[in-house]
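Everything below concerns the one structure shown next.
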Amino acid sequence: MTLVHPEFAEELDRFGVDTALECFNCGTCAAICPLIYEHFPRKMVRYIQLGARDQILEHPEELWRCLHCGLCTQTCPREANPGEVILGLKRFVVDHWRRN
Amino acid sequence: MYSPRDIIEVIAGNVRKTRSPFAIPRSMVNTWWKKETLRSEGDALLFTGLMYQFIPYIEKSTSYLEKYEDTKLASLVRFAKYQPKRLSGIGLALMTPGEKKKQANEILRNIAKVLTRSDVDFYYKPKLDFYSGILLYDLGDQESFVEHAKFVSGKLKRAGVKKIITVDPHTTYALKVLYPKYTGESFEVKAYFELVNFSSSNGGGQVTLHDPCFYGRYLELSDAPRRALEKLGVKCVEVRNSGTFTNCCGGPAESISPSLSKEVMERRVEELRTTGAPIVAMCPICLGNLRKSGAEVEDLSAVIARCA
Ligand code: SF4
Ligand code: SF4
């Protein structure tokens with residue numbers, strides 16, 4: 001069973017992620033991202049909103065496909081900074097690895 | 001795809017121990033200045049951040065990564081820390097062709113030439129020229145990045161450095177935006193092409209610029225190289241995705257997934273080729289990656305230096 005962690009968005013604050021809740025899931029970022037598969041990065045932003053911490057930790061490698069090119073951040077209509085959110089998630093995962 | 005965890009630990013370990021992501025001593029990597037007569041005092045420090053010097057080594061080590069991606073041998077990356085021959089260290093340095101190292105040095109010599117021609121009061125001190133640590137930041141290893149950035153900014157501060165001239169977008173972003181934020185130290189940072197102030201009639205011709213993500217979007221500096229080229233009579237033929245909407249060259253993914261990197265690069269090269277004009281890059285990562293397509297790609301410094 002997948003556990004939902006409602007406090008996940010807050011936990012990410014210290015990794016520099018504080019805009020994920022701004023996202024209204026329009027999909028602009030996924031449409032413009034050079035990684036043309038599976039709704040990246042929108043899906044990851046959605047995981048944060050849902051508190052789906054375990055989903056992210058199950059397949060964390062996906063985050064490192066992101067080129068940190070910034071196109072998504074540039075075009076997001078809600079200033080949710082999806083590219084920076086992905087970078088923050090990488091920091092969260094690296095921290096998790098180091099602790100375990 | 002390689003395990004990001006393994007790649008991060010190899011790179012972070014190298015930077016911690018040697019201050020270089022590839023664990024190659026600085027004296028071996030940074031030799032471009034040896035035949036130059038550069039001043040060691042002046043108004044602004046030329047800071048290469050060693051990225052151009054790293055291109056030949058990156059190419060060599062990623063050629064191994066490319067070969068082994070998604071094979072059983074991929075897991076060996078984890079052991080690169082103990083078996084560094086191909087992925088980092090002196091072994092990699094010895095396997096990297098000298099011709100490529102010369103080409104990288106030529107770019108830096110051109111930049112020095114352009115600054116001199118522009119009467120910029122600059123100086124160079126190899127002892128103060130460090131890798132910025134930007135790859136650690138991009139990979140999400142914030143702790144190692146901040147540790148390294150504090151080491152570098154501390155050295156610069158103690159040497160009394162106030163103004164810095166950079167040569168690549170990644171180092172520029174690190175020094176201009178990240179260092180003040182994470183180390184508390186600020187410098188006045190300018191990319192070398194912002195300082196070009198001569199006109200020439202030797203120019204002419206056309207080029208298509210590939211804006212790197214960091215100059216185009218994060219630093220919004222795309223106008224500066226265009227202004228410099230205009231003064232030299234070189235015409236820029238634009239592609240649709242340029243300036244703040246430039247497309248990535250794919251380079252940043254090359255250590256984690258060479259195949260993904262190639263796919264993104266091929267799409268970008270296809271777009272750049274549509275103009276028919278020679279392609280010009282201004283970042284060592286873009287330059288190396290776009291050239292993998294077989295396309296002729298020149299560095300911006302060469303185009304400007306020809307007119308100097
Ligand atoms: S573009 Fe912005 S608002 Fe739209 S899905 Fe992506 S992050 Fe959310
Ligand atoms: S920053 Fe990452 S997620 Fe955003 S468009 Fe670029 S590759 Fe895609």
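The numbers here are math on the coordinates, done by the rules we state, and not lab data. Bear in mind that the values here come from a model prediction, so they are computed numbers and not experimental data. So basically every Cβ, Gly included, is an ideal-geometry build from the backbone, and we count neighbours across all protein chains shown.
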Fill in: Additional length obtainable on full extension of the chain from B:R273 to B:K150, 0.36 nm per residue less Cα span
40.1 nm
Fill in: P(r) tail fraction, the protein assembly as shown - alpha-carbon pairs more than 33 Å apart, %
31 percent
Discussion item. Along the Cα→Cβ direction, 7 angstrom out, place labels at B:K102 and B:K162. What is the inter-label distance in nm?
Written reply: 4.2 nm
Discussion item. Which chymotrypsin sites (Phe, Trp or Tyr not before Pro) in the stretch A:45-100 sit in a loop by DSSP (not H, G, I, E or B) and have at most 11 other Cβ atoms within 10 Å of their own Cβ?
Written reply: none
Worksheet, complete the sentence: For the stretch B:213-279 the trypsin sites (Lys or Arg not before Pro) that pass both the DSSP coil test and the at-most-13 other-Cβ-within-10 Å test are B:R240
Discussion item. Taking 2.2 N^0.38 Å as the expected size of a compact globular protein, what ratio does the Cα radius of gyration of chain B give against it, to two decimals?
Written reply: 0.96
Worksheet, complete the sentence: Sorted by chain and then number, the residues having a modelled amide H within less than 5 Å of the amide H of B:I279, at least 5 places away or on another chain, are B:T208, B:E298
Practice prompt. Report, by chain and number, residues whose modeled amide H sits under 5 Å from the one on B:K235, excluding near sequence neighbours (fewer than 5 apart, same chain).
Written response: B:G205, B:Q206, B:V207
Worksheet item: To the nearest 0.05, what FRET efficiency results for A:E58 and A:R98 with a Förster distance of 25 Å applied to their C-beta separation?
Response: 0.85
Discussion item. Only sites in a loop by DSSP and with at most 12 other Cβ atoms within 10 Å count here; which GluC sites (Glu not before Pro) in the stretch B:240-306 make the cut?
Written reply: B:E296
Practice prompt. Check cross-link reach from B:K34 to the aspartates and glutamates: straight Cα distance under 17 Å, and skip same-chain residues fewer than eight apart.
Written response: B:E99, B:E106, B:D129
Response to the item:
Cα-Cα longer than 22 Å, checked against B:K127/B:K162; B:K101/B:K157; B:K60/B:K181; B:K35/B:K150; B:K125/B:K292; B:K100/B:K190, kept in input order, equals B:K101/B:K157; B:K60/B:K181; B:K35/B:K150; B:K125/B:K292; B:K100/B:K190
Discussion item. With +1 assigned to the C-beta of every Lys and Arg and -1 to the C-beta of every Asp and Glu, and no other charges, what is the dipole magnitude of the protein assembly as shown about the Cα centre in debye, to the nearest 20?
Written reply: 1500 debye
Response to the item:
Taking Cα pairs closer than 8 Å and at least 6 residues apart, the relative contact order of chain B in percent is 20 percent
Discussion item. Let me see the P(r) profile for the stretch B:212-281: every Cα-Cα distance counted, bins of 5 Å, each bin given as a percent of all pairs.
Written reply: 4, 15, 22, 24, 19, 9, 4, 2, 0
Response to the item:
Stretched fully, the stretch from B:K17 through B:K113 gains (0.36 nm per residue minus C-alpha distance, one decimal, in nm) 31.2 nm
Worksheet item: Within a Cβ distance under 13 Å of B:Y182, other residues only, what is the Lys/Arg minus Asp/Glu net charge?
Response: 0
Worksheet item: Which Cα, out of A:I86, B:T166, B:A305, lies furthest along the positive dipole direction of the protein assembly as shown (beta carbon charges, K/R +1, D/E -1)?
Response: B:A305
Worksheet item: Dipole of chain B, Cα-centred, from +1 at each Lys and Arg C-beta and -1 at each Asp and Glu C-beta, to the nearest 20 debye?
Response: 940 debye
Worksheet item: Dividing the alpha-carbon Rg of the stretch B:251-308 by 2.2 N^0.38 Å yields what?
Response: 1.19
Worksheet item: Using a Gaussian network model of chain B with C-alpha springs under 10 Å, which one of B:F193, B:F245, B:F214 is most mobile by mean-square fluctuation?
Response: B:F245
Worksheet item: Which number comes out as Rg/Rh for the stretch A:8-99 once both Rg and the Kirkwood Rh are worked out on C-alpha atoms?
Response: 0.92
Discussion item. Testing the spin-label approximation: label points 7 Å from Cα along Cα→Cβ at B:D223 and A:E10. State their distance in nm.
Written reply: 4.5 nm
Worksheet, complete the sentence: Note on the stretch B:198-305: contact order normalised by length, alpha-carbon pairs under 8 Å, 6 or more apart, percent, works out to 29 percent
Worksheet, complete the sentence: Placing +1 on each Lys and Arg Cβ and -1 on each Asp and Glu Cβ in the protein assembly as shown, then taking the dipole about the Cα centre, the residue among B:A23, B:P225, B:L287 whose Cα reaches farthest towards the positive end is B:A23
